[in-house]
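Laboratory data are not the source of any read-out in this text; all were calculated from the coordinates shown. No experiment lies behind these values; they were computed from the predicted model shown. Quick reminder, even Gly has a Cβ in these numbers, built from the backbone with ideal geometry, and neighbours come from all protein chains shown.
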Amino acid sequence: MINKRLLVKNLLAHNDENSFYDKKRYIAIGEREGKAKFLKHVCALANSNPRNNSFVVVGVEDEDNKIVGVDFFDDSKIQNLVNAYLDNPPLISYENIPFPHLPEGKVVGLVTITSNGKVCALRRNIWKYYGGTVYFREGSISLPKADGIELKDINSKVVATIEQHARNNIELTLDGVIDFMNNRHKDLESDYKVFKEQFVVCWAGKKKTVKGETYYYRVDIELINEQVKLFYSNLDEVTISYDDHSFKTIEFVQLGLGKKQKYYPLEEVVINFKDNGKYQIQSELVFSPPEYDKKTLHHIFNANNSLLFKIEKNIALNPSEKEDLNHLSDTYLISYLNGFEEAKTKLEKGRKLVKENFPEVYDSFKEALRIIRKVKYN
């Protein structure tokens, strides 16, 4: 098993950006331009490495390789995005790698791209890139190639060496478990489970029991062997169950108008561990959003827009409006789920505005956009 934190360190320490490795301060996958650039780089790295993995490290300063981190990113359907826009799409994963010095909730993103051995190309137009274009890496740049298209294996030995140097060991695993339970989450209830005598999953959170069911909130779940954060949220709640072969979570989100709040199951994730040292993660969206009367939602949507306008113009909010601000992201989310497409744009705008002026509600905007992304990619 590869320790992904060691892998990131090895990539940063021994390599400038090249034909199998790229680094980014962040990727704006929720925006059209950011999504297009991400897909271009995925296409180029897949074509430049038909026989080995290639990587994008996210959350690193370009000039000095300083690890600054990014927000936890839920990648559950990023493969669907790649499949929708690329012909002969590679297998892709986005993993969240914790580093001890980063603030709570910040991680390094590791994108791993595995070619299927065929020429990858953009399937359709996106931003200023044209459908049918084939990209390759030339040094640190992803460039289109119109003729002489041939997949060449030139990096397999180098990548194999880097991955070998990032192999896990007992010391790293034990240190990871102790750090998770005794240092990072000493204020929470924490536990661990060993699967197939090889894999160690740790989880921490605050417990509450409702009608005989135990829920966790402020949840952090990590696959210690690979230093991969599997789930993180300060807001949503999950149930956790496991047997000797698998570990399952069901994530719940709280939605509603005013005081009429209800928990809705959002996604079920099952990790199946195998005897051969491998594992498989399967996720299923189980979300049925609440439906509301359109006239009521029109009224709420317009009131939300007025509140957002006041925030944008730095107009003081009265006590009632400050209370409404706490529900602004939720009601925009409900509006979007009931057919108000513009609500997503309002959420993105609102996230930027409240980050500076009302940081206490910033996380709720990020969570709402995360749910929209899940629903959209499904």
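Test Thr296 against the stated conditions and say whether it is farther than 27 Å from Gln79 by Cα and within 24 Å of the chain's Cα centre (by Cα). Against the criterion (farther than 27 Å from Gln79 by Cα and within 24 Å of the chain's Cα centre (by Cα)), Thr296 does not qualify. Taken over the range 30-53, the residue count meeting the criterion of being outside any helix (DSSP H, G or I) and surrounded by fewer than 18 Cβ atoms within 10 Å (Cβ to Cβ) is 3. Put simply, of Val286, Val253 the only residue that is of a type outside the set (Lys, Arg) and surrounded by 14 or more Cβ atoms within 10 Å (Cβ to Cβ) is Val253.
Checking each residue in the range 320-336 for being farther than 19 Å from Asp293 by Cβ and of a type in the set (A, V, I, L, M, F, W, C) picks out Leu325, Leu328.
How do the pairs read when you match residues in the range 349-363 that are closer than 14 Å to Lys313 by Cα with residues anywhere that are surrounded by 13 or more Cβ atoms within 10 Å (Cβ to Cβ) and not charged (D, E, K, R), using Cβ under 6 Å and keeping only pairs 6 or more apart or on different chains? From the range 349-363, the pairs are Gly350/Leu308; Gly350/Phe365; Leu353/Ile311; Val354/Val361; Val354/Tyr362.
Considering the conditions (1) touching a residue at least 24 places away in the same chain (Cβ under 8 Å); (2) in a loop (DSSP other than H, G, I, E, B), Glu197 is excluded by exactly one of them, (1). A single member of Pro98, Pro90 is in contact with a strand residue (DSSP E or B) (Cβ under 9 Å, 6 or more places away or on another chain) and over 30 Å from Asp363 (Cα atoms), and it is Pro90. Of the strands (runs of 3 or more DSSP E) entirely within the range 80-159, those holding at least 2 residues that are under 30 Å from Arg184 (Cβ atoms) and in contact with a Pro (Cβ under 7 Å, 6 or more places away or on another chain) occupy 106-114.
For the range 54-79, the tally of residues that are among the hydroxyl-bearing types (Ser, Thr, Tyr) and either at positive phi or not in a loop (DSSP other than H, G, I, E, B) (or both) stands at 1.
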